[in-house]
């Protein structure tokens, strides 16, 4: 079995992102970049499936600028066997990324595609579902458990209010939620080994796909700020304020 | 222009987020149609007919849609999509699962999680865990949109004259199958619908200590939530999680206990009307958004609070 893990280079989750002074976009100058946390979980799941003897190959793929090779090298150090960069100077939207990934799937024919439920930059939560749609593959989003059962995949999903279990025919698409697993750290020997693993670069223009943007970013602003209130001295005072000033409890 | 809102329900009643999504739809200029697809949905339809702001209901009652599988619902939505300039769903796990699948079939770049309608093609939405708000213009001829329910009021339920049209189901895809569901049973209100939410963070130290919040929540008729740190630490299940990667809530009163106030958490609760923070670290960022802060050891403050209610 072959597993494809699409992943994304995003600003590190510890970075506090602010708008540029002209509000044209967010300010990412000199910001630390990382693998999107949900994508790390996706890769970890794929590597564990391989380590359990249920897959032969894990391929990491990303769509992005040349610098995204750093994140692919990380993926290789974490256990991916080889990596593919579809290089694009333009930042692509989820619809375009899905079209590009569908092309990669066509070439690689994976049995399972695992990706993060959302990237922490755009917070769109679209790519997995769109890719599944384009390929007419079944989907299980927000996975908290993945079990392979012959030619099917059983997935427990986190839904509002609880958990849902679905069984998908392979090939299938799974998107990961936070609790699926806890990703490992790359060891130094594995980081060294990753440098020798295969990383293929393909220019997006060679794929013959229309990746032109469908939306325009008009402005980026800070959310309305909320002022700090008062510090109360005791529980008694807190309850008094909530009853008589805020009037939110009786 | 015609607008389609896809209703979220559980085959017996409507989910509240459907009503907020209808309000977002009424911010656009056009006739609003509600699609209700499910199995044995007569009570849902009775409820739906009362929603103010909608003109028509399209119903599809078929066993195939009982569990709302995205694969089959997508094909149903596609079968009627031509007639609409807009298709909206709530930005819940239901809508997030379904709408991108529809968008890809229609070759539309969906706009996720909008918090306001600026014009017929321009919307505001949070990005980077709510650190920034983007204003986005869609140039697609059809707009597919998920709606953050806390940003729009619920549509009133005072309509009396909505026609219902039944449509045929679309043949099943048979590529995925529903196995089972575990919906957390609780006498307390659902997190996203509660007027009061009491949440615990890493400061709670263990799952057992959440009983300190439970008894307060019971007295206040509140829901119990948690920060991602508390969920990651295994104190409580993930469906407690409030934050950008969990649930977005905006109750009248939000009580944050032992929560430092990471941006990720604030993104999920900072639109609450009144915020209370109880934390022993006076420098915790949560105090910067709290209306009432109490610097105290939660293991002393919670029993005292419980006794006062």
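Some observations on this one:
For every residue, the table says whether it meets (1) more than 10 Å from every other protein chain (Cβ to nearest Cβ); (2) in contact with a strand residue (DSSP E or B) (Cβ under 8 Å, 6 or more places away or on another chain); (3) surrounded by fewer than 24 Cβ atoms within 10 Å (Cβ to Cβ); (4) free of Cβ contacts under 8 Å to residues at least 12 places away in the same chain.
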site: B:233; (1), (2), (3), (4): yes, no, yes, no
site: B:264; (1), (2), (3), (4): no, no, yes, no
site: B:271; (1), (2), (3), (4): no, no, yes, no
site: B:280; (1), (2), (3), (4): yes, yes, yes, no
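- Listed by position, the strands (runs of 3 or more DSSP E) contained in the range A:144-225 that have at least 2 residues being in contact (Cβ under 8 Å) with a residue 60 or more places away in the chain and at negative phi are A:172-176, A:199-203, A:215-221.
- Going through (1) in contact (Cβ under 8 Å) with a residue 24 or more places away in the chain; (2) more than 20 Å from residue B:53 (Cα to Cα) one by one, residue B:134 falls short only on (1).
- Some residue of the range B:14-24 being within 23 Å of residue A:130 (Cα to Cα) and more than 18 Å from the chain's Cα centre (by Cα): no
- When B:255, B:216 are checked against the criterion of being in contact with a strand residue (DSSP E or B) (Cβ under 7 Å, 6 or more places away or on another chain), more than 12 Å from residue B:192 (Cα to Cα), more than 8 Å from chain A (Cβ to nearest Cβ) and buried (at least 24 other Cβ atoms within 10 Å of the Cβ), B:255 stands alone in meeting it.
- Single residue of A:142, A:147 found to be at pLDDT 95 or above and facing chain B (nearest Cβ under 7 Å): A:142
- Qualifying positions in the range A:130-142 - surrounded by fewer than 24 Cβ atoms within 10 Å (Cβ to Cβ) and touching a strand residue (DSSP E or B) at 6+ places or on another chain (Cβ under 8 Å): A:135, A:137
- Wholly enclosed strands (runs of 3 or more DSSP E) of the range B:126-190 bearing at least 2 residues out of contact with any helix residue (DSSP H, G or I) (no Cβ under 8 Å at 6 or more places or on another chain): B:132-138, B:163-166, B:176-183
- The residue list B:111, B:87 contains one member that is within 12 Å of another protein chain (Cβ to nearest Cβ), crowded, with 21+ Cβ neighbours inside 10 Å and more than 17 Å from residue B:15 (Cβ to Cβ), which is B:111.
- Considering A:40, A:44, A:56, the condition of being modelled with pLDDT of 95 or more, within 20 Å of the chain's Cα centre (by Cα) and surrounded by fewer than 23 Cβ atoms within 10 Å (Cβ to Cβ) is satisfied by A:44 alone.
- Taking the criterion of being touching a strand residue (DSSP E or B) at 6+ places or on another chain (Cβ under 6 Å) and exposed (fewer than 15 other Cβ atoms within 10 Å of the Cβ), the residues of the range B:138-171 that qualify are B:163, B:164, B:165, B:166.
- Yes/no for residue A:178 being surrounded by fewer than 24 Cβ atoms within 10 Å (Cβ to Cβ), over 25 Å from residue A:108 (Cα atoms) and more than 8 Å from every other protein chain (Cβ to nearest Cβ): no
- Per the listing A:81, A:89, A:123, the residue uniquely away from chain B (no Cβ under 14 Å) and free of Cβ contacts under 8 Å to residues at least 40 places away in the same chain is A:89.
- Qualifying residue in the range B:57-66 (condition: within 14 Å of chain A (Cβ to nearest Cβ) and either assigned to a strand (DSSP E or B) or at pLDDT 95 or above (or both)): yes
- Qualifying positions in the range B:282-300 - crowded, with 22+ Cβ neighbours inside 10 Å and part of a strand (DSSP E or B): B:292, B:293, B:294
The rows are residues; the columns are (1) within 11 Å of chain A (Cβ to nearest Cβ); (2) closer than 30 Å to residue B:269 by Cβ; (3) at pLDDT 95 or above.
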residue: B:159; (1), (2), (3): no, no, no
residue: B:162; (1), (2), (3): no, no, no
residue: B:166; (1), (2), (3): no, no, yes
residue: B:172; (1), (2), (3): no, no, yes
residue: B:177; (1), (2), (3): yes, no, yes
residue: B:180; (1), (2), (3): yes, no, yes
residue: B:183; (1), (2), (3): yes, yes, no
residue: B:188; (1), (2), (3): no, yes, no
residue: B:194; (1), (2), (3): no, yes, no
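- If you go through the range A:99-120 and keep only what is over 25 Å from residue B:133 (Cβ atoms) and either part of a helix (DSSP H, G or I) or within 11 Å of chain B (Cβ to nearest Cβ) (or both), you end up with A:99, A:100, A:101, A:102, A:103, A:104, A:105, A:106, A:107, A:108.
- Meets criteria (in contact with a strand residue (DSSP E or B) (Cβ under 9 Å, 6 or more places away or on another chain), within 14 Å of chain A (Cβ to nearest Cβ) and within 30 Å of residue B:139 (Cα to Cα)) for residue B:98: yes
The values are calculated or read from the model by the stated rules, or taken from the named source; none is laboratory data. Model, not experiment: these values are computed from the prediction. As a convention, Cβ positions derive from the backbone with ideal geometry for all residues, glycine included, and neighbour counts pool all protein chains shown.
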